[in-house]
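Student: Have a look at the structure that comes next, please.
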Amino acid sequence: MSLENPDSSTGVVYGLLKGIDGSAISKAKITVTDNLGRQIAHVVGDEQGNFRLVLPTSICTMVISAPGYRPLARHIVGIPGSSRREDIILESSNVINLPEPGIWKIDPEHSSIVATATHLRVSQIKGHFNKFAGQITIGYPGEPSQVDVTIEASSLDTANKQRDAHLHSPDFLSSQEFPFISYKASLIAHLDWNNRFEIQGDLTIRDITRPVALQVHYKGQVDDPWGYQRIGFSAVGEIFRQDFDMKWNQVLDTGEFVVSKSLMVEIDVEAFKVLSKSTPK
């Protein structure tokens, strides 16, 4: 795999290509370009994952690719007359890219919390909570991640004033007596390789706390135009009203209830990483 014999103007870089689990990656392709993007070298690793490159002394970019693995780009430079080892680890293309550790503040302007109840078994009524705040703490390896959200109960809006007044009464949320709803979680389990998680947390409504699980889909991480890192999640969960002493209902002649016993909660969250800057708009 040598391109040429090293001399005083070139250096040798060799090593082993392997996965995160330590297994060798065979037949990986390695392409080297100069600072103008021109290809100056191309080799294929052997069956055992070994590779060897002869490089000029200027800074080059090495791109490694192999089926089933995420491509990796790395800056590298040959040291004149020298030979050094650099083992390279590639991530499986099935491995999810988790958010960076740190505190991520929920952006309520680009997030939503919606609760849906079934009415008369034939229609669905959606209520939007318009005021909420919270943060997601992504732990470093070996540390727990946490979710902490507070919702203003009085901000529930179903686009019907008479219905909203009933929902804010003691029959349901009793918003004046219990102004806040909260959700706190520290147990986050990865379900599969499709960026899906389950969060086990404690939901508090009317000062009653019950465990509620959320099925979460992580949508990824991006940099916004104002220099902030942002992440996105969607989540769904089911809440049983009687668990929080919201038992009001009416029974029809058919035996059906006017309002479903459970609510489906749908959450879409955009969050930005907390920096030493002012809050983004």
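Each value in this text was obtained by applying a stated rule to the coordinates, not by laboratory testing. Model, not experiment: these values are computed from the prediction. Counting neighbours? That spans all protein chains shown, and the Cβs are built from the backbone with ideal geometry, glycine included.
Student: Looking at this model, which pairs from K161/K184; K29/K219; K126/K161; K29/K273; K161/K219; K184/K273 are more than 24 angstrom apart at the alpha-carbon?
Tutor: Beyond 24 Å between Cα atoms: K161/K184; K29/K219; K29/K273; K161/K219.
Student: Sorted by mean Cβ packing within 10 Å, highest first, what order do the peptides 146-156, 164-174 take?
Tutor: Averaged packing, sorted descending, gives the order 146-156, 164-174.
Student: Hey, what does the equivalent ellipsoid look like for the chain, semi-axes from the Cα gyration tensor as sqrt of 5 times each eigenvalue, largest first, whole Å?
Tutor: Gyration-tensor ellipsoid for the chain: 56, 19, 15 Å.
Student: Can I ask one more? For n ≥ 4 DSSP H runs only, could you compute -39500 (n - 2.57) per run for the chain, divide by its residues and tell me the 222 nm figure to the nearest 500?
Tutor: -500 deg cm²/dmol
Student: For K184 and S123 in one chain, what is 0.36 nm times their gap in residues minus the Cα-Cα distance, to one decimal in nm?
Tutor: That pair, K184 and S123, stretches by 18.9 nm at full extension.
Student: Same structure again: At a Förster distance of 35 Å, what's the computed FRET efficiency of V44 paired with E143, Cβ-Cβ distance as r, to 0.05?
Tutor: Efficiency at R0 = 35 Å is approximately 0.30.
Student: Further question on the same structure: What FRET efficiency, computed as 1/(1 + (r/R0)^6) with R0 = 45 Å and r the Cβ-Cβ distance, is obtained for N195 and S82, rounded to the nearest 0.05?
Tutor: 0.60
Student: Can you give the relative contact order of the chain as a percent, counting alpha carbon pairs under 8 Å and 6+ residues apart?
Tutor: 15
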